[in-house]
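Trainee: Below is the structure I would like to discuss, written out as structure tokens.
All of the numbers you see were taken from the coordinates with simple rules; none came from a lab. Here the structure is a predicted model, which means the values were calculated and not measured. Neighbour counts are summed over all protein chains in view; Cβ atoms, including those assigned to glycine, are modelled from backbone coordinates with ideal geometry.
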């Protein structure tokens, strides 16, 4: 599986936004958010998106479905710094039979700072692939 979605740098292209604030512990010696700290921002936005869509992650898992990240790609455009308020814009980009992609745009003060894509498998708890739930396909359709 390869992520193929190219996220937009236009916040208007996204249907969901979640705000996070950069913590001091997430910055490096240069005062810039460490590259690995972006992944929890994406995860927090994904969980908030599912909750807002009426499918909180614990209920998804309770239904026997897991949504593990199979691949992630981040493109860093401008540095994020301590105490920045970061808007993580999110769109469900592409759904196949047993996987889906999410595109992200991270902005601070309205300025694009990073784009990202996560590719997710849809599995049972034992890791075996299953079909995407109908509600996920419906979300992707709009």
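Trainee: For the residues 35, 89, what sequence is obtained by ranking on other C-beta atoms within 10 Å, fewest first?
Mentor: Numbers: 35 11, 89 24.
Fewest-to-most Cβ neighbours within 10 Å comes out as 35, 89.
Trainee: Next up: Who wins for biggest fluctuation among 106, 90, 50 in a Gaussian network model of the chain, springs between alpha carbons below 10 Å?
Mentor: Result: 50 has the largest fluctuation of those listed.
Trainee: If you build the Cα gyration tensor of the stretch 11-141 and take the root of 5 times each eigenvalue, what three semi-axes come out, in whole angstrom, biggest first? Working shown, then result.
Mentor: On the way: eigenvalues 155, 45, 33 Å².
So the equivalent ellipsoid measures 28, 15, 13 Å along its semi-axes.
Trainee: Okay, moving on. Going by C-beta contacts inside 10 Å, put 27, 9 in order with the fewest on the left.
Mentor: Numbers: 27 19, 9 15.
Exposure proxy ranking, most exposed first: 9, 27.
Trainee: Angle check, please: helix 38-52 long axis (alpha carbons) against the longest principal axis of the chain (alpha carbons), in degrees 0 to 90, nearest 10.
Mentor: 50 degrees
Trainee: Please give the calculated 222 nm ellipticity per residue for the chain, where each DSSP H segment of at least 4 residues contributes -39500 (n - 2.57) and the sum is spread over every residue; nearest 500 deg cm²/dmol?
Mentor: Working: 3 runs with 29 residues, N = 142.
Result for the chain, helices only: -6000 deg cm²/dmol.
Trainee: Remind me, what semi-axes does the stretch 74-142 give for its equivalent ellipsoid, largest first in whole Å, using sqrt of 5 times each Cα gyration tensor eigenvalue?
Mentor: Values: eigenvalues 178, 34, 17 Å².
Here the semi-axes work out to 30, 13, 9 Å.
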